[in-house]
Amino acid sequence: MTTNQPRQPTSLRPFFTLWIGQAFSLLGSQLVQFALIWWLTQRTGSPTVLALASIVGLLPQVFLGPFAGVLVDRWNRRRVMLGADAVVALATLALVYLFRIDAIQIWYVYVALFIRALAGTFHSTAMAASTSLMVPQEQLTRVQGLNQMLNGGLSIAAAPLAALLLTLLPIQGVLLVDIVTAALAITTLLLVVVPQPARIVSADAPQSTLRAYWDDLRAGWRYLLNWRGLLLITGVAMMINLVLSPTTALIPLLVTKHFNGTAWHLSALEAGFGIGVLAGGLLLGVWGGFKNRIMTSLLGVAGIGVGILLMGLAPVSLFALAVFGMLLGGVMSSLANGPLTAIFQANVAPDMQGRLFALLGSGSAAMMPLGLAIAGPMAEVIGVRAWFLIGGAITLLIAFVCMFVPAVRNIERERDDHPNPEEAPAGQQAATRI
């Protein structure tokens, strides 16, 4: 069975049409995230509750991410994104109703966070895997710079906007904005064609069978395990997320318990991070990073560590130092994430990208629940600031060590050496392109 090869992109217009729609959707999602986390903070004031909320949001990516990646590589990617946007809107609509009738419970919020995260796992995987088929390879790093600028701009706008809306509207009014932005995202998706990758499969493997599904999943694992640099990067991401995810979840409590702040202080920190991401994305879009893109990423990781350390060191009288730490972390986050994503999009086979992005995301996210499960109870005992000092120091050390590991430093050169797990060994049926 055959399908047409996806054509090389000749125009960026379809990608940016899709990109604009997703920008609206991301804005709505960030408003919802801010509103729900602040509601939980005000309702309970518990580090354990906030950690559990983060864990619930991570579970779909950790346990279902690899399966989502296989399905994204097999299904129509535009339909995946359409379905994900619709599910997110429905979950938010349910919360609006529960808040409106004053029947909301903490566990309802957890369920909604889980459903939104599950849909987001499918959506982000499909979007990342589609980018390399909609953007010329030489523009991938700069497009990732624009993505970082988008994330930074949304962070700048979303946190203060959410804080403002929460002073003017009941929480269900803030949530309704997400439904409107999801509708805009769905509309733009209907206006563009999202290319599908050609896939290589065994000639005698029926594509509708469960066996074919597991064969695809195993092929993704082999692809990852046979590429040493990619495997090491996955391990590094897991270690960093283990120590940094608690700091992200505990920022609201750093605001309320250490700085005696309000929602506006939290929005200032998030806006500081957003400004940094925007500035870093602009820098990356203009500069493009070092020729060896992984060194740009490692510089960014080191800078994130420094920023987190500054937040932990800031005394109660120097809130501005914490904001600067978030600003620095935002700049360096763009430099860390943009080139790394471009490396994967440029060097991973298009028909493997759904699986690889899902496996990478699942592996890095798998450490977050563990870190949160440890940090929540321990923060009750040793204090919130301790995790910022621990996480920042370990992140800085990891970046320094990786700069001297050849498999990481030469990850792009190594790509031509690792075997393609989808090439049929001698004596087996020849592969056919579908």
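The values are calculated or read from the model by the stated rules, or taken from the named source; none is laboratory data. Everything quoted here is computed from the prediction, not taken from an experiment. Here the Cβ positions follow ideal geometry from the backbone for every residue, glycine too, while neighbour counts run over all protein chains shown. Calculation scope for accessible area: heavy atoms of the full protein, side chains included, ligands and nucleic acids excluded. Shrake-Rupley method; radii C 1.70, N 1.55, O 1.52, S 1.80 Å.
Some observations on this one:
- When the residues of segment 27-72 are filtered to those that are surrounded by fewer than 18 Cβ atoms within 10 Å (Cβ to Cβ) and in contact with a Ser or Thr (Cβ under 8 Å, 6 or more places away or on another chain), the one that is nearest to Gly173 (Cα to Cα) is Gly45.
- A Cβ distance below 7 Å, combined with a sequence gap of six or more or placement on separate chains, defines the contacts here; from segment 259-279, residues that are over 18 Å from Leu26 (Cα atoms) and free of Cβ contacts under 8 Å to residues at least 12 places away in the same chain reach no residue that is small (Gly, Ala, Ser) and outside any helix (DSSP H, G or I).
- No other residue among Gly21, Gly57, Gly45 is among the small types (Gly, Ala, Ser) and on the phi > 0 side of the Ramachandran plot apart from Gly45.
- In the set Ala86, Ala94, Ala126, only one residue is open to solvent by 20 Å² or more (accessible area, probe 1.4 Å) and touching a residue at least 24 places away in the same chain (Cβ under 8 Å); that residue is Ala86.
- Top-ranked residue in segment 158-174 [being open to solvent by less than 10 Å² (accessible area, probe 1.4 Å) and out of contact with any Asp or Glu (no Cβ under 8 Å at 6 or more places or on another chain); ranked as modelled with the highest pLDDT]: Val174
- The set of residues from segment 368-401 being within 15 Å of Ser297 (Cα to Cα) and surrounded by fewer than 21 Cβ atoms within 10 Å (Cβ to Cβ) comprises Leu396, Leu397, Ile398, Phe400, Val401.
- Members of segment 318-347 that are within 19 Å of the chain's Cα centre (by Cα), open to solvent by less than 10 Å² (accessible area, probe 1.4 Å) and more than 13 Å from Gln148 (Cβ to Cβ): Ile343, Gln345
- Subset of segment 287-317 [open to solvent by 60 Å² or more (accessible area, probe 1.4 Å) and under 21 Å from the mean Cα position of the chain (by Cα)]: Leu299
- Complete set of residues in segment 97-119 that are within 26 Å of Ile20 (Cβ to Cβ) and surrounded by fewer than 20 Cβ atoms within 10 Å (Cβ to Cβ): Ile115
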